[in-house]
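Q: Below are the structure tokens for one structure; questions will follow.
Please treat every number below as a calculation from the coordinates, not as lab data. Small disclaimer: the values here were computed from a predicted structure and weren't measured. Glycine gets a Cβ as well: all are built from the backbone with ideal geometry, and neighbour counts include every protein chain shown.
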Amino acid sequence: MKTISSVVENYIKSKPFLLNALAQGIINLTSLARVMTEELESELGKDVKQGAVIMALKRLSEDLSFKVNHKVTKVLRGIGEITVRSSLNDYTFLVSDTIFQRQAELISEINQHPDAFFTSSRGVNETNIVISESLCGLVEKHFKNERLTQKLENLSSITVKLPKENTVTPGIYYFIFQRLAWEGIVIYEVISTSNEFTVLVDEEVVDKAFKIIKDLKLTK
């Protein structure tokens with residue numbers, strides 16, 4: 001049986017930005033309840049008192065506030081080294097029977113350039129390579145017979161070291177990427193390991209993105 005509390009919770013959780021704003025206590029609950037009432041009545045099939053919606057929102061915001069402040073922010077304060085690399089290119093190739101061999105050949109040559117940036121990932125249908133602009137010639141040499149679907153230039157990477165607790169704390173990536181989205185930062189790629197993640201952004205916004213991530217360590 002649907003209750004006002006359950007319907008309110010589902011409504012809020014289906015709207016990520018609203019969810020976080022509610023957790024931070026920056027929304028007028030009376031105004032929000034007024035906006036929600038018509039949709040809630042439609043789902044419940046009966047009239048809903050605005051006071052009941054406000055109470056449900058208040059209980060939910062208190063619960064969300066606890067989860068955010070005592071779990072996510074604890075991990076964010078433990079963010080470690082943040083590394084920025086610039087002048088990167090991003091290649092996307094379709095997966096083929098020969099692409100592993102091409103990658104092996106590329107890596108063999110890249111090993112002679114220890115200061116270069118290189119990372120590669122594979123999906124079901126695509127293989128992605130991010131590399132220092134100075135070594136793009138190697139990619140184009142070894143992958144000349146592979147099918148290139150996209151090439152992005154003038155990118156920068158931000159690599160973030162996370163505390164080990166990140167693997168057992170839900171919402172860490174959501175919280176970080178939401179902040180970047182709020183500031184209009186477009187993320188071209190996300191590359192991650194257990195305790196690190198790297199985002200690829202346009203060079204023009206890398207300073208802004210770096211500050212956003214760095215400031216998360218000060219989240220209260």
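Q: Going through GLU203, GLU153 one at a time, which residue ends up being touching a residue at least 60 places away in the same chain (Cβ under 8 Å), closer than 20 Å to LEU106 by Cβ and either loosely packed, with under 15 Cβ neighbours inside 10 Å or among the β-branched types (Val, Ile, Thr) (or both)?
A: Details: GLU203 fails: closer than 20 Å to LEU106 by Cβ.
Result: GLU153 is the single residue among GLU203, GLU153 that is touching a residue at least 60 places away in the same chain (Cβ under 8 Å), closer than 20 Å to LEU106 by Cβ and either loosely packed, with under 15 Cβ neighbours inside 10 Å or among the β-branched types (Val, Ile, Thr) (or both).
Q: Additional query: Kindly provide the set of residues from the stretch 31-53 that are assigned to a loop (DSSP other than H, G, I, E, B) and surrounded by 11 or more Cβ atoms within 10 Å (Cβ to Cβ), ordered by number. Explain how you work it out, then say what you get.
A: Taking the stretch 31-53 first, the residues assigned to a loop (DSSP other than H, G, I, E, B) are 45-49.
Listed by number, the residues that qualify are VAL48, LYS49.
Q: Please specify each residue of the stretch 167-179 satisfying the condition of being exposed (fewer than 13 other Cβ atoms within 10 Å of the Cβ) and either of a type in the set (D, E, K, R) or over 15 Å from LEU19 (Cα atoms) (or both).
A: Those that are exposed (fewer than 13 other Cβ atoms within 10 Å of the Cβ) and either of a type in the set (D, E, K, R) or over 15 Å from LEU19 (Cα atoms) (or both): THR167, VAL168.
Q: Considering only residues of the stretch 112-164 that are closer than 24 Å to ILE79 by Cα and basic (Lys, Arg), which is farthest from the chain's Cα centre (by Cα)?
A: The residue in question is LYS164.
Q: For the stretch 110-135, give me each residue that is outside any strand (DSSP E or B), surrounded by 13 or more Cβ atoms within 10 Å (Cβ to Cβ) and either acidic (Asp, Glu) or touching a Phe, Trp or Tyr at 6+ places or on another chain (Cβ under 8 Å) (or both). It would help to see each step written out before you state the result.
A: Pass one, the stretch 110-135, residues outside any strand (DSSP E or B): 110-117, 123-125, 133-135.
So of that shortlist, the ones also surrounded by 13 or more Cβ atoms within 10 Å (Cβ to Cβ) come out as 110, 113, 116-117, 133-135.
Within the stretch 110-135, ILE110, GLU133, LEU135 meet the criteria.
Q: Scan the stretch 92-108 for residues that are touching a His at 6+ places or on another chain (Cβ under 7 Å) and without any contact (Cβ under 8 Å) to a residue 12 or more places away in the chain and jot them down.
A: Taking the stretch 92-108 and keeping what is touching a His at 6+ places or on another chain (Cβ under 7 Å), we get 102, 105-106.
Residues satisfying the conditions do not exist here.
Q: Can you name every residue in the stretch 206-220 that is among the basic types (Lys, Arg) and crowded, with 16+ Cβ neighbours inside 10 Å? Working first, answer last.
A: Initial filter on the stretch 206-220 (among the basic types (Lys, Arg)): 208, 211, 214, 217, 220.
Listed by number, the list is empty, since nothing qualifies.
Q: Can you pull out the residues in the stretch 180-200 that are surrounded by fewer than 17 Cβ atoms within 10 Å (Cβ to Cβ) and of a type in the set (A, V, I, L, M, F, W, C)?
A: Correct list: ALA181, TRP182, VAL186, ILE187, VAL190, ILE191.
Q: Filtering the stretch 72-109 down to residues that are in a helix (DSSP H, G or I) and among the hydrophobic types (A, V, I, L, M, F, W, C), which residue is surrounded by the most Cβ atoms within 10 Å (Cβ to Cβ)? Full working, then the answer.
A: Residues of the stretch 72-109 in a helix (DSSP H, G or I): 72-76, 99-109.
Next cut, among the hydrophobic types (A, V, I, L, M, F, W, C) only: 72, 75-76, 99-100, 104, 106-107.
Values: VAL72: 21, VAL75: 21, LEU76: 23, ILE99: 19, PHE100: 12, ALA104: 10, LEU106: 20, ILE107: 13.
Applying the filter and picking the extreme gives LEU76.
Q: Here is a further query. Regarding the stretch 9-30, can at least one residue be identified that is farther than 30 Å from TYR173 by Cβ, of a type in the set (Val, Ile, Thr), under 32 Å from the mean Cα position of the chain (by Cα) and surrounded by 12 or more Cβ atoms within 10 Å (Cβ to Cβ)?
A: Start the filter on the stretch 9-30 by keeping residues that are farther than 30 Å from TYR173 by Cβ, which leaves 30.
With of a type in the set (Val, Ile, Thr) added as a condition, the list becomes 30.
Cutting the leftovers down to under 32 Å from the mean Cα position of the chain (by Cα) gives us 30.
Adding the requirement that they be surrounded by 12 or more Cβ atoms within 10 Å (Cβ to Cβ) leaves 30.
So far as the stretch 9-30 goes, yes, one or more of its residues are farther than 30 Å from TYR173 by Cβ, of a type in the set (Val, Ile, Thr), under 32 Å from the mean Cα position of the chain (by Cα) and surrounded by 12 or more Cβ atoms within 10 Å (Cβ to Cβ).
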